[in-house]
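Q: Here's a structure for you.
The values are calculated or read from the model by the stated rules, or taken from the named source; none is laboratory data. Since this is a predicted model, take the numbers as computed values, not measurements. Positions of Cβ are backbone-derived with ideal geometry, glycine not excepted, and every protein chain shown enters the neighbour counts. These area figures cover heavy atoms from the full protein model, side chains too; ligands, DNA and RNA do not enter into them. Shrake-Rupley method; radii C 1.70, N 1.55, O 1.52, S 1.80 Å.
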Amino acid sequence: MGDWVKLNWQCRRGMLELDLMLKRYLDNHYQQAEASEKALFSEFLKLEDSEILVLLMETQLDGFTRHSVLIDKIRNG
């Protein structure tokens, strides 16, 4: 299974808001991202849905500051 196909499947979280935001990032930004950002996205997808939702909806990123650029891209599509 290709990397993009695997990530596409992992973006299906079962929570419509997360599905839409993560899939939009994958479609609009992932292909052009640098390897470090791609690795962060893959790592980000390993978090629990509740953690991802809080990170995407809240303004504070306690413990996830290195993900801030990625999170901004996901939030803004």
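Q: Determine, yes or no, whether Gln10 is surrounded by fewer than 11 Cβ atoms within 10 Å (Cβ to Cβ), of a type in the set (S, T, N, Q) and modelled with pLDDT of 90 or more.
A: no
Q: Restricting attention to segment 60-75, report how many residues are in a helix (DSSP H, G or I), of a type outside the set (A, V, I, L, M, F, W, C) and surrounded by fewer than 17 Cβ atoms within 10 Å (Cβ to Cβ).
A: Number of matching residues: 5.
Q: Another question, if that's okay. Do you know which residues across segment 26-35 are part of a helix (DSSP H, G or I) and surrounded by 11 or more Cβ atoms within 10 Å (Cβ to Cβ)?
A: Answer for segment 26-35, where residues must be part of a helix (DSSP H, G or I) and surrounded by 11 or more Cβ atoms within 10 Å (Cβ to Cβ): Leu26, Asp27, Asn28, Tyr30.
Q: So Gln31 clears everything in (1) modelled with pLDDT of 95 or more; (2) more than 10 Å from the chain's Cα centre (by Cα) except one condition, right? Which one?
A: The one condition Gln31 does not meet is (1).
Q: Name every residue in segment 40-59 that is in a helix (DSSP H, G or I), within 23 Å of Trp4 (Cβ to Cβ), open to solvent by less than 60 Å² (accessible area, probe 1.4 Å) and not hydroxyl-bearing (Ser, Thr, Tyr), in order of residue number.
A: Hits for segment 40-59 are Leu40, Phe41, Phe44, Asp49, Ile52, Leu55, Leu56.
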